[in-house]
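The structure under discussion appears below in the form of structure tokens.
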Amino acid sequence: MKLQKPFSSEYRISQRFGENLNTFYKEAGLKGHTGLDWACPIGTPILSACDGEVIFTQTDVQKGIGVNVLSNEIFQYKGQPCRLATIYWHLKDKSLKVKVGDKVKVGQQIALS
């Protein structure tokens, strides 16, 4: 499965998988951060990394606004059919361009950073 970056410019990665071993991750039974964070300016258009369906949106005091897109593409993992869920957090308040149930295309704007 090929994913597109969720923005059109180049930004540095500010936190990688497994980094930041703070107590939040340890208490959740994780070894560290479970995603990639990029240092992009506030207001950067955030784009869907895949074709799929919006299955979740949430406002969270600690993480801000979040969107979850379930990919259309099915792939095999350990002999089981799977679909990838792409998750976008730290989005700007009142910037969501999608809602649960919306079908999105790769490169479609879903919110602002």
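The values are calculated or read from the model by the stated rules, or taken from the named source; none is laboratory data. Owing to the predicted nature of the structure, the values given are computational and were not obtained by experimental measurement. Virtual Cβ from ideal backbone geometry, glycine too; neighbours counted across all protein chains shown. Ligands, DNA and RNA are excluded from the accessible area calculation, which covers all protein heavy atoms including side chains. Shrake-Rupley method; radii C 1.70, N 1.55, O 1.52, S 1.80 Å.
Expressed as a whole percent, the accessible area of the range 54-113 that falls on carbon and sulfur atoms is 54 (1.4 Å probe). If the segment from I87 to L36 were pulled out straight at 0.36 nm per residue, it would be longer than the present Cα-Cα gap by 17.4 nm.
Annotation: for a label point projected 7 angstrom from Cα along Cα→Cβ of Q15, residues of the range 36-54 with backbone N closer than 18 Å are 36-43.
What's the extension gain from E27 to K99 if we count 0.36 nm per residue and subtract their Cα-Cα distance?
Values: separation 72, 0.36 × 72 = 25.92 nm, distance 3.09 nm.
Stretched fully, the E27-K99 segment lengthens by 22.8 nm.
Accessible surface area normalised per residue over the range 61-113 is 67 Å², counting heavy atoms of protein chains with a 1.4 Å rolling probe.
Please report the base-10 log of the normalised intensity I(q)/I(0) for the range 52-113, using a Debye sum with one equal scatterer per alpha carbon and no solvent, at each q in 0.17, 0.20, 0.24 (1/Å). Treating every Cα as an identical point scatterer, log10 I(q)/I(0) equals -0.58, -0.74, -0.95.
Between Q108 and I55, the simple spin-label model (points 7 angstrom out along Cα→Cβ) gives 1.6 nm. Computed about the Cα centre, the dipole magnitude for the range 32-113 is approximately 100 debye when only Lys and Arg (+1) and Asp and Glu (-1) carry charge, each at its Cβ.
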